[in-house]
Amino acid sequence: MSDSVMHDKGSKGVSRRRFIAGTSSILGAVALAGHPTAAQAKAAAAAAPIDPGAHVPVLVIGTGYGGSVAALRLAQAGIDVHMIEMGMAWDTPGSDGKIFCNTTSPDYRSYWLRTKTKQPISNFLGFPIDKNTPRHTGILDAEEMGGIIVYQGRGVGGGSLVNGGMAVTPRRENFGAVLPSVNADEMYGTYYPRANAGLGVSTIDPAWFDTVDCYQYARVGRKHAQRSGFPFIFVPDVYDWDYMKQEAAGTVPKSAVAGEILYGNNHGKKSLQQTYIAQAKATGKVTISPLHKVTSVAPAAGGGYTVVIDQINTNGDTTTTKTVTADKVFFAAGSVGTSKLLVKLKATGALPNLNSETGKGWGDNGNVMCGRANHLWDPTGKVQSGIPCSGIDNWAAGGAFAEVAPLPTGIETYASFYLSITKNPNRAQFSWNAAAGKVDLNWQTAWKQASIDMAKTIFDKINAKEGTIYRTDLFGTYKIWGDHLTYHPLGGAVLNKATDNYGRLHGHPGLYVIDGSLIPGNTSVNPFVTITALAERNIEKIIATDL
Ligand code: FAE
């Protein structure tokens with residue numbers, strides 16, 4: 001419990017008891033929450049998955065940003081593509097009529113094969129807020145990789161299902177450090193614009209921002225940033241801002257304004273299901289197998305590759321193992337998914353020619369979280385849009401870019417909350433643990449100190465200026481920093497090292513990497529626009545020369 005925090009605001013009559021009462025009604029008592037409907041179970045079973053023994057020209061592993069770009073552009077070039085996705089299709093409502101559950105009431109839909117939630121903010125007023133849920137192939141994976149929990153989206157659309165939609169192009173002067181072997185003129189002239197158009201990126205109307213209740217938290221963030229002399233910037237997003245205006249006005253069903261984020265948005269957000277994947281399906285050349293997990297890829301006797309796939313049910317149990325063949329295979333399983341597959345396949349001899357860079361160069365995009373306890377005259381609002389729209393840019397001076405993030409609890413918390421992206425220099429490596437039969441990552445929790453130091457260049461200054469302190473109740477008891485996690489895994493099959501300069505894996509022609517694993521650990525801002533733009537660049541070259 002953060003007594004110092006309570007003390008800070010206690011004088012104006014918000015009693016400790018009222019805070020706790022509000023918290024428990026909003027965040028829910030520990031309970032077994034909801035079960036899948038018969039309709040959902042049937043829909044999962046009725047999907048038209050790939051047949052055992054099938055042969056496909058192109059198989060794409062994963063349906064996130066890289067995979068969706070590859071599928072669309074290959075299909076437009078006339079090539080049939082089959083996409084394999086370990087998560088669910090997320091196209092069928094549950095018993096409450098909604099496809100996705102709310103952030104304040106996580107149920108069976110929330111977490112990937114856990115019996116208890118693993119919320120990024122684990123505590124409130126010092127009390128643990130995780131709750132029991134039935135084990136299910138839920139939408140958010142909190143994957144524990146030794147020294148770090150890596151949050152990832154699971155389902156058709158990958159990370160686009162769960163993320164905040166912040167669609168940020170790095171400042172051009174930082175690009176050389178992000179992707180040193182890539183021509184910046186081409187990226188900023190062609191591929192970033194193409195990615196932004198394909199994703200449906202736009203920026204909040206500043207006049208509306210200034211008036212609406214649901215961004216009071218961001219206006220407080222702006223005031224504090226500017227009073228300490230930091231540049232405050234609006235950050236583009238893929239959320240439909242016109243829809244959000246109607247939500248705020250009460251004329252359409254609410255999503256962001258009802259605090260939806262992390263476990264899916266029922267309205268308003270243009271996830272990949274609404275953009276690249278919808279377009280890819282419309283070509284008639286792309287099919288998808290949800291609840292299918294690739295476990296092996298190896299050269300086939302007659303050319304091409306043999307791919308082994310486990311079909312799973314919503315409990316995560318394998319129901320069938322299928323073997324198919326593909327002329328070409330794109331690894332788009334995300335930084336962790338692709339790296340784990342490649343490291344295992346190299347070590348076990350399935351893909352022996354992969355080079356020694358495989359599994360190296362992994363970083364967490366320098367993610368670190370913190371909250372600040374505001375004075376009572378600086379409330380951040382009971383209603384907070386789940387979609388962030390702004391940031392504090394101290395990259396050049398202090399190595400930190402901080403999202404002004406929501407804390408959508410439904411009650412006034414007097415907290416300002418931030419996810420910082422920092423220039424953390426540490427890089428980890430995936431390796432095969434033969435004894436345990438799994439892939440390990442050697443990230444050390446202590447390596448986050450560099451990120452904390454960089455984030456402090458912003459928040460120590462703001463706290464000094466405002467006479468405020470850090471929240472200590474959000475990540476445990478008396479713990480300021482959320483230094484145990486990342487939302488932005490990057491690297492593990494780095495461009496121009498584990499692959500050539502367009503994502504072709506060395507030693508095995510016809511195998512490609514096309515996701516966040518190509519990027520060496522940091523993008524200086526939120527990563528998915530860069531992942532999408534790089535995929536657009538690489539697939540254009542691959543279609544022109546290899547297919
Ligand atoms: P990703 O989107 O993770 O897709 C990989 C897909 O492959 C997933 O659907 C997996 O289920 C699937 N898969 C994995 N292994 C297998 C297998 N063996 N067989 C079959 N399928 C498999 O990869 N980024 C931003 O730029 N802005 C934001 O606002 C933002 N907010 C975020 C908030 C949260 C909570 C999280 C978790 C992430 C956020 N991100 C954000 C990060 C962003 O979503 C992430 O960088 C991209 O999704 C990564 O894209 P990839 O294509 O690499």
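The values are calculated or read from the model by the stated rules, or taken from the named source; none is laboratory data. A quick note: this is a predicted structure, and the numbers were derived from the prediction, not measured. As a convention, Cβ positions derive from the backbone with ideal geometry for all residues, glycine included, and neighbour counts pool all protein chains shown. Keep in mind that these areas ignore ligands, DNA and RNA; they rest on the heavy atoms of the full protein, side chains included. Shrake-Rupley method; radii C 1.70, N 1.55, O 1.52, S 1.80 Å.
List of remarks:
- The range 312-328: number of residues that are assigned to a strand (DSSP E or B), buried (at least 18 other Cβ atoms within 10 Å of the Cβ) and in contact with a His (Cβ under 9 Å, 6 or more places away or on another chain): 5
- Any chance residue 221 is outside any helix (DSSP H, G or I), within 30 Å of residue 465 (Cβ to Cβ) and small (Gly, Ala, Ser): no
- A count restricted to the range 507-547 and to residues that are assigned to a loop (DSSP other than H, G, I, E, B) and within 13 Å of the ligand (Cβ to nearest atom) stands at 10.
- A single entry from 201, 178 fulfils the requirement of being open to solvent by less than 10 Å² (accessible area, probe 1.4 Å) and within 16 Å of the ligand (Cβ to nearest atom): 178.
- Matching residues, the range 266-295, being within 15 Å of the ligand (Cβ to nearest atom), open to solvent by 30 Å² or more (accessible area, probe 1.4 Å) and of a type in the set (Ser, Thr, Tyr): 287, 295
- Hey, residue 305 among the aromatic types (Phe, Trp, Tyr), in contact (Cβ under 8 Å) with a residue 60 or more places away in the chain, closer than 13 Å to residue 164 by Cα and buried (at least 17 other Cβ atoms within 10 Å of the Cβ) or not: no
- Selection from the range 129-150 of residues that are more than 15 Å from residue 109 (Cα to Cα) and not in a loop (DSSP other than H, G, I, E, B): 143, 144, 149, 150
- Taking the range 378-487 as the region of interest, the strands (runs of 3 or more DSSP E) fully inside it that hold 2 or more residues being buried (at least 19 other Cβ atoms within 10 Å of the Cβ) and in contact with a helix residue (DSSP H, G or I) (Cβ under 7 Å, 6 or more places away or on another chain) are 390-394, 400-405, 415-422.
- Test: residue in the range 205-212 that is touching a helix residue (DSSP H, G or I) at 6+ places or on another chain (Cβ under 9 Å), in a loop (DSSP other than H, G, I, E, B) and within 11 Å of the ligand (Cβ to nearest atom): no
- Residue 179 being of a type in the set (A, V, I, L, M) and over 23 Å from residue 309 (Cα atoms): yes
- Within the range 432-463, the residues that satisfy the criterion of being touching a residue at least 60 places away in the same chain (Cβ under 8 Å) and under 30 Å from residue 377 (Cβ atoms) are 452, 454, 455, 457, 458, 459, 461, 462, 463.
- Residue tally, condition assigned to a strand (DSSP E or B) and either among the polar types (S, T, N, Q) or open to solvent by 40 Å² or more (accessible area, probe 1.4 Å) (or both), over the range 488-504: 2
- Matching residues, the range 331-357, being open to solvent by less than 10 Å² (accessible area, probe 1.4 Å) and either closer than 13 Å to residue 516 by Cα or more than 13 Å from the ligand (Cβ to nearest atom) (or both): 331, 332, 335, 336, 338, 339, 351, 354
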